[in-house]
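Just below is one structure, and these are the notes that go with it.
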Amino acid sequence: MFKNKNEGKNNYCGKKITELRLQMKPKCSQRQLADKLQLIGIDIDKNAIQRIECGKRFITDIEILAFCKIFGIEPNDIFK
């Protein structure tokens with residue numbers, strides 16, 4: 001069985017996602033962000049958003065593109 005030894009380091013863009021979410025006007029909660037993602041076809045819940053933001057969950061390329069669409073940014077911007 002695979003054991004991930006990088007606890008809390010499973011993605012590089014979680015902190016940027018938190019920053020972008022809080023910069024939205026009006027501010028967007030994790031639940032509201034999950035709802036927006038679900039509306040564009042990404043099956044994700046508030047708990048998954050929380051785990052992504054704190055680095056405990058891997059994030060797929062499809063999810064990155066969806067976050068970029070919600071935030072109105074280019075994919076490279078999410079890694080800065």
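Readers should treat all values here as calculations from the given coordinates under stated rules, not as data from a laboratory. Please read all numbers here as calculations on a predicted model, not as lab measurements. Glycine also receives a Cβ, built like all others from the backbone with ideal geometry; neighbour counts cover every protein chain displayed.
Of the residues in segment 9-49, how many are part of a helix (DSSP H, G or I) and not charged (D, E, K, R)?
16
How many residues, within segment 50-74, are in contact with a Pro (Cβ under 8 Å, 6 or more places away or on another chain) and either acidic (Asp, Glu) or surrounded by fewer than 16 Cβ atoms within 10 Å (Cβ to Cβ) (or both)?
Qualifying residue count for the region: 1.
Would you be able to say whether some residue in segment 50-69 is over 10 Å from the mean Cα position of the chain (by Cα), among the basic types (Lys, Arg) and assigned to a helix (DSSP H, G or I)?
yes
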